[in-house]
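Report on the structure given below.
The values are calculated or read from the model by the stated rules, or taken from the named source; none is laboratory data. Keep in mind that what you see is a predicted model, and the values were worked out from it rather than measured. Every residue, glycine as well, gets a Cβ built from its backbone with ideal geometry; the counts of neighbours run over all protein chains shown. Side chains are part of the model used for accessible areas, which takes the heavy atoms of the whole protein and leaves out ligands, DNA and RNA. Shrake-Rupley method; radii C 1.70, N 1.55, O 1.52, S 1.80 Å.
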Amino acid sequence: MPTYDIVVKGGTVIDGLRTPRYKADVAITDGKVVQVGKVNAADGSEVVDAAGKVVAPGFVDLHTHYDSQVFWDPWCTMSGWHGVTSVVIGNCGFGFAPCKPEDRDRAMLSLARNEAVPLKTMQQGMPWDWVTFEEFLGSVDRTPKGVNVMAFVPLAPLYGYVAGIDKAKEQRVTDEELARMCDLLIEGMRVGGCGFSSQNLGEVGNVQLDFDGTPMVTDLMTERELGAFCRAMGSLGRGVAQMTGPLETAAFMARESGRPIIWNALLADGALNQHGGAQQSHRDAIKRLAELNEQEGLRVFAQALTTNFRSEFTFEDYNLSDAVPCWREATVGTVEEKRVKLADPARRAAMKEIHEQRGGLFGAGYPLAEIKVHWISSDVPNARELKDTYEGYTIGEIAAREGKHQIDAMLDVAVAGELRVGFATPLLETPPQNMKEIATSSMALPGVSDGGAHTKFVTTARYATEMLGLWVREHNIMSLEEAHWRLSYYPAMAAGLKGRGFLAEGAPADVIVYDPDTVDSLPQERLWDYPAGEWRLVQKATGYDRIIVNGITTFIDGECTQATPGRLLRHGTD
Ligand SMILES: [Zn+2]
C-alpha cells in the first residue's frame, strides 16, 4: 500500500524562506507536505521525477482582478499557467460586492473601462448570485477553483451600495453613510476579506477612469473618508490595505490604521508600464520607503513592476491613454462615437501637440514610429486591401510612405478599419541594473500582475516566470533563493495568507516543479476563450513540469488536469 499521494523524487528544494537550496524528496499526502528528505519511490501512489529540477512553493499573486474571471476560469489564467497557486482579488478598490441587483450593470461598466474586462464577457460569465460581500465570498467559495483565492473588500462598491456611485462622486458621503460603510468593511473582513483596497489617483493625470471618463469614486476620497476606513480596519487588529496612488497616501494609511499597506507601484527608471512611466524616480521612492519603514516604524510594502513592457491594443476599447485629456475624450463612448472622434482633425491637433511636447504615443513615451500594425479584422469593409497595404508595417513606415504626421498615419488606419485594427509596441526593456534596484529593495513585492485585467492589452501576469527565466537566469539580479522568497513567502506574509508561501513539513502542498534552465514565457497569442465569444491576449509558460495546489496536480507540462483543488482563503480563520 503506498503511503503517500505524491512523491517528488530527486529535486532541488528551494523552500521560499531563503534557506540555501538542498537536494531532497518531497512527500505529499492529504493536501499537505508530509515529508522532506529521503522518501522511497515505492511509497508514492504517484512519483514525479524531479532530477535536475527545482521544487519550490507555488507563487502568491497579490495584485489581480480575477473577480469576474474566477467564475468562468477556475485556474485564473494566466496566473495558473505561471506557477501561481494563490491569488488575491479585489484590488484597487474595484469589485462587485456588495452590489444591489439594479446596480450590477453600473458596476460592470466601471470594470469594463478601468480594468478593461469586456462587458459582454462579464454579463455572460458571472452568476451574480449575491448582494452582500459575504454572499459574494460564498459564491466564490462554491465555484470550482484551480487556485486558492483571497479577497480584499474593495471600497468602490461600498460607496455604490450605501450612497450610490454618482451621488457620492458629486457630494461625497455624510457621516452616517461613512459610518455605515465602515461597518460593512468590518463585516466583510469578519467573513474573510483580508482588508480593503482603493485607488486614490486624484483627478489630474489619472490613468484608470470610470466608464464615462470621470475619476473613480475612490479617486477623490478625502482624508476624512480614507482615515475612517483605516481606523475601522485597525479596530479589528488584523488585515492589510492595498492602495494605488501616491506613496504619501500609503504612509497616511499606515499611520491611521497601524496596519501594513501595500502600495502600488514601484517602477524602475527607464521602465514603462501600461500607463506610461513613473512619476517619481525609483531611487527617491526606495529612499522614502526606507524612511517610512525603518525610521518611522510603519509597514509600507511596495508592489514593484518587474516585467518588461509590451502592449497590443485596438482603439475599440483602449483606456490606457486616460491620463491625457484629449485622448481620454476621444476614447470614451460607443465604438461608432469613438470612430467619429478619432477621425476629427480638430481633436488630432491636440494629440499632435502632446506628441511633440512629450514624445511617444499618448505622451507616455512609447515610440510611435516603431508601433506596428499587426492585425486588421477580416470583417471590415476592404479588409483585403487594408491588410495588404498596412499589416506588418510600422507607423513610421506608413507615415513616410504617405507623407503624413505619425498621429494621422495611425488614426487613419484605425478609422479605415473601423477601430478593429491591432497595434503592437516593440518590447521595451527595463535596464537590468534598475530592475535589480527595485526588485531587491527591502519592501518590494515583485509583480503588478494585473491578472484578469487589461485583458486585450498586456500580459503582465507572467511576472513570476519572467523573474526566474529573465531577471534571475539571464541577468542574475538576485539569487533563486531570494526570488522564491519574494514570489511566495514575502507576499503571503504581507497579505496575511497564513501558513502558505513556503515548502515545509506540515504546510499545505502548494508546490511547483520546474526546470531552472528552460522556464520561460511563450510568445503572446490571442485566445478566443472568454464568454460571449470574446478574445484576450495571453502568454503561456514552458518549463513547469508540475503545478500542485493543496496536494492535487493542476498542470503537467503546461497541460491542465481539470482538477479544481483551490480553496477560498478567509483571512483571520484560514
Ligand atoms: Zn489593479
Do you know which residues across the stretch 90-104 are among the small types (G, A, S) and within 16 Å of the ligand (Cβ to nearest atom)? G90, G93, G95
If only one of A112, A107 is farther than 29 Å from T553 by Cβ, within 16 Å of the ligand (Cβ to nearest atom) and touching a Cys at 6+ places or on another chain (Cβ under 7 Å), which one is it? A107
Every residue in the stretch 237-261 that is open to solvent by less than 20 Å² (accessible area, probe 1.4 Å) and touching an Asp or Glu at 6+ places or on another chain (Cβ under 9 Å), please. G245, A251, A254
Matching residues in the stretch 424-451 - criterion: being free of Cβ contacts under 8 Å to residues at least 60 places away in the same chain and more than 22 Å from L62 (Cα to Cα): P432, Q433
Tell me which residues, restricted to the stretch 456-496, are open to solvent by 10 Å² or more (accessible area, probe 1.4 Å), more than 14 Å from N308 (Cα to Cα) and touching a residue at least 60 places away in the same chain (Cβ under 8 Å). K456, L480, E481, E482, W485, Y489, G496
Provide a single number: the residues in the stretch 218-236 that are under 18 Å from M150 (Cβ atoms) and surrounded by fewer than 20 Cβ atoms within 10 Å (Cβ to Cβ). 1
Tell me, which residue of the stretch 301-318 that is open to solvent by 10 Å² or more (accessible area, probe 1.4 Å) and in contact with a Lys or Arg (Cβ under 7 Å, 6 or more places away or on another chain) is nearest to V335 (Cα to Cα)? E316
Would you confirm, using the coordinates I've provided, whether G501 is modelled with pLDDT of 95 or more and either within 16 Å of the ligand (Cβ to nearest atom) or part of a loop (DSSP other than H, G, I, E, B) (or both)? yes
In the set M493, M467, which member is outside any loop (DSSP other than H, G, I, E, B), modelled with pLDDT of 95 or more and within 18 Å of T77 (Cα to Cα)? M467
The stretch 30-53 - residue that is buried (at least 21 other Cβ atoms within 10 Å of the Cβ) and assigned to a strand (DSSP E or B) and, of those, farthest from the chain's Cα centre (by Cα): G44
Select from the stretch 197-222 the residues that are in contact (Cβ under 8 Å) with a residue 60 or more places away in the chain and touching a Leu at 6+ places or on another chain (Cβ under 6 Å) and list them in ascending order. S198, F211, T218
Can you name every residue in the stretch 319-336 that is within 23 Å of V380 (Cα to Cα), open to solvent by less than 10 Å² (accessible area, probe 1.4 Å) and part of a loop (DSSP other than H, G, I, E, B)? N319, T331
Criterion (more than 25 Å from P74 (Cβ to Cβ) and away from the ligand (no atom under 16 Å from the Cβ)) met by exactly one of T143, T218, T132, T174: T174
Members of the stretch 54-89 that are in a strand (DSSP E or B) and either over 14 Å from the mean Cα position of the chain (by Cα) or within 15 Å of the ligand (Cβ to nearest atom) (or both): V54, V55, A56, P57, D61, T64, T85, V87, V88, I89
